[in-house]
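Below is one structure, written out as structure tokens; comments come after it.
The values are calculated or read from the model by the stated rules, or taken from the named source; none is laboratory data. The structure presented is a predicted model; accordingly, all values stated were derived computationally and were not measured. Cβ placement follows ideal geometry from the backbone for every residue including glycine, while neighbour counts extend to all protein chains displayed. When the accessible area is computed, the model is the full protein with side chains, heavy atoms only, and any ligands, DNA or RNA have been set aside. Shrake-Rupley method; radii C 1.70, N 1.55, O 1.52, S 1.80 Å.
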2 protein chains.
Amino acid sequence: MQDLLFDFISKYVTLTKDEMNDITSLDIFRTLKKGTILLKEGQKSKDEYFVLKGCIRKYYIIDGEEKTTAFFTEMEALTPHCAINNEPSEYFISCVEDTTLTVANIDLGVDLFIKIPKFQIMCSILSTEILAKQQINFDEFKTSSPEQRYLNLLQKRPDLIQRVPQHQLASYLGIKAESLSRLKARIFEKIKK
Amino acid sequence: MQDLLFDFISKYVTLTKDEMNDITSLDIFRTLKKGTILLKEGQKSKDEYFVLKGCIRKYYIIDGEEKTTAFFTEMEALTPHCAINNEPSEYFISCVEDTTLTVANIDLGVDLFIKIPKFQIMCSILSTEILAKQQINFDEFKTSSPEQRYLNLLQKRPDLIQRVPQHQLASYLGIKAESLSRLKARIFEKIKK
DNA sequence: TACAATCGTTAACTTAAGTTAAGAATTGAG
DNA sequence: CTCAATTCTTAACTTAAGTTAACGATTGTA
């Protein structure tokens, strides 16, 4: 399982055997059951997550309703806002499936930067990449209808539609579960003709 | 006008007189007329912008229609996607008002990093800040209705509503201009009661 | 100043999302 | 295996956004 992490890292920087051992000895790998809550609203935590296998989701509870705003699957990283600003979290993070991930305290990350300076390079590349992706996602979301968003998701992350409960997917698309059902039926009608 | 830039920088790092002179001598300040187009779809450019006074907007043309996805006002920076990936731009950038900004080639930015290493620190702080803001904005957008988005904007960026054409504001809120007019009338009705 | 273009609003009508409720299918726990 | 909870879909109705068109106000330009 750790190999998944090292394969990922190797795309950005080359680690020595010693450095890999340093990382392994940190004991940051966790396997969690579906439904496990990693972070709750109001909670302070400095943990960052990197998904190796499985899927986690970020959601708000607004007026008693869950609003899912993001999913993170294999090789995706999530640094909760509260880990940066040290304020109580405004959202929840939980496992959509049984999930294996790394849980790294953000301060421990800083230690690593000292021990393995090339990690800084990787992180600055990664954060640029994530920001760019984020901006494109936001633009696409703003400029398209729920139906277009669904079709777009079908192209870009077809796996998500299969592995995620539909009511979570609906709020991820900015609509209600009932609307998603109708929307899918509508699309299916069009294809049939 | 340059003082605005140095005031901004001073929040992150302290520059010496020499360093300030280095920056001034780069001749990166531009004042542009309302309506000036900084970047067109399909164009390749390595320029990054930092608004000192005025307002610029980023928009797509989709099926012949302008879709505005972002505004940048005083002390906000915009690095177009094409400046990073060196692909033709997918969107336009133009001046909403007469605008003074810095235009810096991204390669020139790299030179600066070598000449003034502390700029790297500032940039990594800035990119973390921007990513965090971006994520919160996206979450707010996803979890709220057009009406809530408008009310939210009224709280957070009341100036935008005044200085920006309503049809541009509408697409920024993810709706059509006519819907924005109705939405405002609706809100006004509620307040009147 | 005069004329054209752009802009903002209103109205009537269409389409799709929100709401409420119900029921079938699936999942999970005991 | 069984029962309860969760999930997904469908339906009927409401609300709001999209569409098309018109019109007055504002802006920019010749």
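For segment B:108-122, state whether one or more residues are within 16 Å of DNA strand C (Cβ to nearest atom), open to solvent by 40 Å² or more (accessible area, probe 1.4 Å) and not small (Gly, Ala, Ser). No, there is no match, as no residue in segment B:108-122 is within 16 Å of DNA strand C (Cβ to nearest atom), open to solvent by 40 Å² or more (accessible area, probe 1.4 Å) and not small (Gly, Ala, Ser). For the subset of segment A:93-107 comprising residues that are of a type outside the set (A, V, I, L, M) and open to solvent by less than 60 Å² (accessible area, probe 1.4 Å), which member is nearest to A:GLN162 (Cα to Cα)? Only one residue tops the list, namely A:GLU97.
Scanning segment A:81-92 for residues being under 23 Å from A:ASP27 (Cα atoms) and open to solvent by 20 Å² or more (accessible area, probe 1.4 Å) gives a total of 1.
Figure legend. Inter-residue proximity from segment B:166-193: first residues away from every other protein chain (no Cβ under 14 Å) and over 20 Å from B:ILE61 (Cα atoms), second residues in a helix (DSSP H, G or I) and near DNA strand C (Cβ under 9 Å from one of its atoms), beta-carbon distance below 8 Å, spacing 6+ or different chains. Indicated pairs: B:SER181/B:GLN166.
For segment A:36-58, the criterion of a residue being out of contact with any strand residue (DSSP E or B) (no Cβ under 6 Å at 6 or more places or on another chain) and without any contact (Cβ under 8 Å) to a residue 12 or more places away in the chain is satisfied by no position. Out of B:LEU183, B:LEU153, B:LEU160, one residue alone is open to solvent by less than 30 Å² (accessible area, probe 1.4 Å), within 10 Å of DNA strand D (Cβ to nearest atom) and part of a helix (DSSP H, G or I). It is B:LEU183.
Filtered by the rule that a residue be part of a loop (DSSP other than H, G, I, E, B) and of a type outside the set (Lys, Arg), segment B:26-51 gives B:LEU26, B:ASP27, B:ILE28, B:GLY35, B:THR36, B:GLU41, B:GLY42, B:GLN43, B:SER45.
Would you pick out the residues in segment B:52-69 that are assigned to a strand (DSSP E or B) and open to solvent by 20 Å² or more (accessible area, probe 1.4 Å)? Answer for segment B:52-69, where residues must be assigned to a strand (DSSP E or B) and open to solvent by 20 Å² or more (accessible area, probe 1.4 Å): B:LYS53, B:TYR60, B:ILE61, B:ILE62, B:GLU65, B:GLU66, B:LYS67.
So for segment B:134-142 (the condition being open to solvent by 60 Å² or more (accessible area, probe 1.4 Å), facing another protein chain (nearest Cβ under 8 Å) and in a helix (DSSP H, G or I)), does at least one residue qualify? Yes, segment B:134-142 contains at least one residue that is open to solvent by 60 Å² or more (accessible area, probe 1.4 Å), facing another protein chain (nearest Cβ under 8 Å) and in a helix (DSSP H, G or I).
Close Cβ contacts (under 6 Å, 6 or more residues apart or on different chains) running from residues in segment A:113-132 that are away from chain B (no Cβ under 11 Å) to residues that are in a helix (DSSP H, G or I) and among the acidic types (Asp, Glu) comprise A:ILE116/A:GLU19.
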